[in-house]
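Report on the structure given below.
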Amino acid sequence: MEAVKALLLGAGSRGRHAFGKFAMLNPNVLKIVSAAEPDPARRRAVAQDHGIAEGLLFDDWKKAFENLPEVDAAIIATQDNMHLAPLLAAMKHGLHVICEKPIVPTLAECHEIQKASSGFGKTIMIAHVLKYTPFFSRVKELLDGGRIGRLIGIDLIENVGHVHMSHSFVRGNWRSTPESAPMILAKSCHDMDMLFWLAGAPCESLSSYGSLNYFTAANAPAGAPERCIDGCPHASACPYETARIYLGENTLWPVNVITSDLSIEGRIKALREGPYGRCAFKCDNNVVDHQTVSARFENGVSATFTMSAFTMQTHRTITLFGTAGEIVGDMEDETIVVKDFSSRNIETIRIAKPAGGHGGGDYGFASDFAGMVRGGAALARNAIANSFESHYMAFAAEKSRLEGGRLVGMAEVRG
């Protein structure tokens, strides 16, 4: 199969280190031949990674489309609030599209993309990558194989992790709903997508509660400076102190997000000048740090979902309740336990640790996209129509949360 040639829009963490890394490891499957990235250091890095010619490297995505080379696809890995226009432009040029989740950050824009993509003859896939993980693939296989009888309910927990929360959703790019999207969409549309996929039917109605409980100025320790690096008296006891997160031996995520200069000097400079050096209690964040959702699907399956910052690890756990048994899984440990009611047998399945981010989902997703584009063997799990459903669930959940947990019917938000 000939490699899919792609234009990359955005060479940040996802663009360069997820899709870009996959392309470097699989040049016969995906090849990045042009890129747009406003940050000069990131632009140079992605050009070096993929051998992109100077004339095909741009500081603005609009220039990339004005000078579009012969490509098959566009990979949109810009910030959430910068997805709409590049998506429309990619469709206008007749390109296949990978778009990072969320598709767009507002309900009105989601309706606009749904209308524009209706009848579009090319592949558009949103990076809901969890369906491509060996872990969730096996869970779905067990469920569809009847191992626990008829599915009655699902309990899914997203343990965001206290450090991940402080990095991405307190100090980082996803800290503010106006600048990005509500937490339930920016972070947990993955989980809404998973609930829809496993339940096997569209959502009928849901309700949600959640708030920003802890990462506020009211909870700042006495005497804490604006930046940790300015001599915080609580540094030794604070789990969010920036030196312990960003100045250790690790130079991968989340450290490689704060600066392109990963020397100690470069990282210290970033903590002195950039957003990631701020006290976690003195930022301009407003997204929730704990949220729950209760949903009912059209086939009678019910589900609960919890997103919480207040966990040690960053991982997901899931329980599926069936008429004949129970499935309990931990994505971080890559273990799935199947409990059979009749035989009383308990089977533990261990999944081999996969390569790539999101439990192997990033690489599986990118490979499937290439298969879809080239008309080869493909799982086709991420049709954009399915992604709209997960987004509408997230918008409904946010609407419910803001209205005190009111039960919201999906007809209120669907296009």
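Contact map, segment 358-373: first residue under 19 Å from ASP191 (Cα atoms) and touching a residue at least 40 places away in the same chain (Cβ under 8 Å), second residue assigned to a helix (DSSP H, G or I) and among the β-branched types (Val, Ile, Thr), Cβ cut-off under 6 Å, separation 6 or more or different chains; pairs are HIS358/VAL129; GLY361/VAL129; ASP362/VAL129; PHE365/VAL129. Tallying residues that are open to solvent by less than 40 Å² (accessible area, probe 1.4 Å), without any contact (Cβ under 8 Å) to a residue 24 or more places away in the chain and either touching a Leu at 6+ places or on another chain (Cβ under 6 Å) or not in a loop (DSSP other than H, G, I, E, B) (or both) within segment 244-300 yields 4. Residues considered: THR348, THR304, THR311. Of these, the only one that is in a loop (DSSP other than H, G, I, E, B), at pLDDT 95 or above and in contact with a strand residue (DSSP E or B) (Cβ under 8 Å, 6 or more places away or on another chain) is THR311. One residue alone among ALA201, ALA222 is without any contact (Cβ under 8 Å) to a residue 24 or more places away in the chain, surrounded by fewer than 20 Cβ atoms within 10 Å (Cβ to Cβ) and over 27 Å from ALA11 (Cα atoms), and that residue is ALA222. Take the conditions open to solvent by 60 Å² or more (accessible area, probe 1.4 Å) and in a helix (DSSP H, G or I) and apply them to MET372. Does it pass? Considered against the rule, which asks whether it is open to solvent by 60 Å² or more (accessible area, probe 1.4 Å) and in a helix (DSSP H, G or I), MET372 comes out as yes. Does segment 136-190 hold any residues that are in a loop (DSSP other than H, G, I, E, B) and either closer than 20 Å to ALA217 by Cβ or touching a His at 6+ places or on another chain (Cβ under 6 Å) (or both), and which are they? Residues satisfying the conditions are GLY172, TRP174, ARG175, SER176, THR177, PRO178, GLU179. Of everything listed in (1) surrounded by 19 or more Cβ atoms within 10 Å (Cβ to Cβ); (2) small (Gly, Ala, Ser); (3) more than 25 Å from SER180 (Cα to Cα), the single unmet condition for SER387 is (3).
The values are calculated or read from the model by the stated rules, or taken from the named source; none is laboratory data. No experiment lies behind these values; they were computed from the predicted model shown. A quick note on method: Cβ atoms are made from the backbone with ideal geometry, for glycine too, and the neighbour counts reach across all protein chains shown. Please note that ligands, DNA and RNA were not included when accessible areas were found on the heavy atoms of the full protein model with its side chains. Shrake-Rupley method; radii C 1.70, N 1.55, O 1.52, S 1.80 Å.
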